[in-house]
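Each value in this text was obtained by applying a stated rule to the coordinates, not by laboratory testing. Because the structure is predicted, anything quoted here is derived from the model rather than measured. Positions of Cβ are backbone-derived with ideal geometry, glycine not excepted, and every protein chain shown enters the neighbour counts.
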Amino acid sequence: MLSIEEALDHIARHARPLDSVQAPIGEALGRVLAEEIASDVDSPPHDKSIVDGYAIRAADVAASGTRLKVVEEVVAGDVPRQAVEAGGATRIMTGAPLPDGADAVVMVEQTEHVAVEGAPLGHVVIQSERVIVGQNIMRQASSMRRGETVLQVGHLLRPAEIGLLAEVGRTVACVVRQPKVAVLSTGNELVPPDQTPVAGQIRNSNGAMLLACAQRAGAQTTDLGIGRDDHESLGGLIGKGLQSDVLLISGGVSAGVLDLVPSVLGKLGVRQVFHKVAVKPGKPLWFGVLESNSSTKLVFGLPGNPVSSLVCFELFVRPALAALSGESFEPRQTVAASLAGGFDQRGERVTYYPAQLNEHVDGRVVAPLSWKGSGDLRTLAAANALICFPAGTRRFEAGETVQVM
Ligand code: AMP
Ligand code: MG
């Protein structure tokens, strides 16, 4: 049986970035840039004031109490018409262009305005002892110069980058396409969530859960509903699912008599890369690819038990979706935490165990929950972490350091 690392290596080899598309910036959040972005403007476009105050000549202020004549008022959006000469000042608002002659701005809180007969805009008394050249001024093009590259290929578009694209006039950008993910739930026992199960039946919880997982990972999702455990039903739905970049199938990959998914996939040309990984829960995980000249489709056969499905998604599918989206293939990171209570780890597989992780001033503490096994989704809803216990049989004592995802 493969280790988690070996399984991840196999997946990484097949998870290549998708082709790129033009996306309006309103739809580009979370995508990865596939082109270099250059600015078409200087930012700021002019020397600008970064406070509300008075633009003056720094050399005019030798001591606190210097009095200057106000010659003009400039708000953001205006263009100053008067130069500031010795003994003069311009009332200026945040973002407004600095008038010629001025070389510093004194914030309004450090001034006092006085009305003066014969001077329509009055005088201003500067209440600081010293004014430094350049103070409260952002110089033209100090953020970026026209023509300069501001974002590189491969950059993830977060809200800041979306704003930057807007600043440089890009309403559309070339980004790596969002992966299309189809989700198929299999099992004769399954009914849709809006139905009341009768004897022998349960509701399909994996379908909605895996669609949510894929959406959170930035994918475009298709719900294929429920497939029955027969070749015809599975064949038809899997065929449809193979139109997507990634097909997630839950159930039907274990050792039961009706676990037909691997054989149906094989008949449809999907090549098995591996089956079974030494992880608990999640051992029956199946992974294969459908390769053509133009594309590689990834197929994950996830175990039917909901918690197994979710753990396999987090461990194996999520890094694959990131790589398809143009990000790097990064296995989920873990952090160290102190175990709140004793725990008996048994078995030859790495175990991911639902837990409650809390941050304290003196470090992280993690408490295993009272989990009833891989069908117990309810306890998972009370968890905010999974403890990763290494393979092997031994007792972990309270206070021991463990790794947590
Ligand atoms: P399987 O992997 O098909 O053998 O299923 C393992 C267990 O998971 C069985 O108890 C199934 O009833 C359950 N199961 C399978 N698919 C789902 C699903 N979509 N939602 C909830 N439970 C499921
Ligand atoms: Mg089944």
0 to 90° range, to nearest 10: angle between helix 231-241 axis and the chain longest Cα axis: 10 degrees
Per-residue HN-Hα couplings for region 148-157 [Karplus 6.51, -1.76, 1.60; θ = phi - 60°; Hz; x = Gly/Pro]: 6, 6, 10, 9, 9, 4, x, 6, 6, 8
³J(HN,Hα) computed for each position of region 250-262 - Karplus, 6.51 cos²θ - 1.76 cosθ + 1.60, integer Hz, glycine/proline x: 9, x, x, 10, 8, 9, x, 5, 9, 7, 9, 4, x
Cα→Cβ-extended label distance, 7 Å offset, between His113 and Val79, nm: 2.5 nm
Reduced Cα scattering model of region 52-131, Debye log10 I(q)/I(0), q = 0.15, 0.16, 0.26 Å⁻¹: -0.43, -0.49, -1.30
Amide hydrogen neighbours beyond the local backbone of Ala23, cut-off 5 Å, H modeled: Ala173, Cys174, Val175
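Rounded, prolate or oblate: pick one for the chain, where a ≥ b ≥ c are the square roots of the eigenvalues of its C-alpha gyration tensor, a/c under 1.5 means rounded, and failing that, prolate if a/b is larger than b/c, else oblate. Could you put the intermediate results ahead of the total?
Numbers: a/c = 3.49, a/b = 2.29, b/c = 1.52.
In terms of gyration-tensor shape, prolate.
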Point-charge dipole on Cβ atoms (K/R +1, D/E -1) for the chain, about Cα centre, debye to 20: 1420 debye
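Please sort by residue number the trypsin sites (Lys or Arg not before Pro) in region 348-394 whose DSSP state is loop and whose Cβ has at most 12 other Cβ atoms within 10 Å. It would help to have the intermediate numbers written out before the result.
Numbers: sites: Arg349, Arg364, Lys372, Arg378, Arg394; in loops: Arg349, Lys372.
In loop regions of region 348-394 (DSSP not H, G, I, E or B), the sparsely surrounded trypsin sites (Lys or Arg not before Pro) are Lys372.
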Positive-end extreme of charge dipole, region 74-177 - chosen from His113, Gln140, His123 (charges on Cβ): Gln140
Helix-derived mean residue ellipticity, 222 nm - over the chain, DSSP H n ≥ 4, -39500 (n - 2.57), to 500: -4500 deg cm²/dmol
Amide H within-cut-off set for Gly304, under 5 Å, with H built and near neighbours excluded: Gly251, Gly252, Val253
Theoretical gain in end-to-end length, His275 to Gln140 [0.36 nm per residue, Cα-Cα removed]: 42.6 nm
Subset of Lys283/Lys372; Lys180/Lys280; Lys280/Lys372; Lys240/Lys297; Lys180/Lys240 violating a 21 Å alpha-carbon distance limit: Lys180/Lys280
Whole-Hz couplings from phi, Karplus 6.51/-1.76/1.60, listed for region 394-405; x for Gly and Pro: 6, 8, 9, 8, 4, x, 5, 8, 10, 8, 10, 9
Three semi-axes of the equivalent ellipsoid, region 219-260, Cα gyration tensor, whole Å, largest first: 20, 11, 8
5 angstrom amide H check on Arg31, placed H, neighbours 5+ away: Leu157
DSSP beta bridge pairing in the chain, given as percent antiparallel to the nearest 5: 70 percent
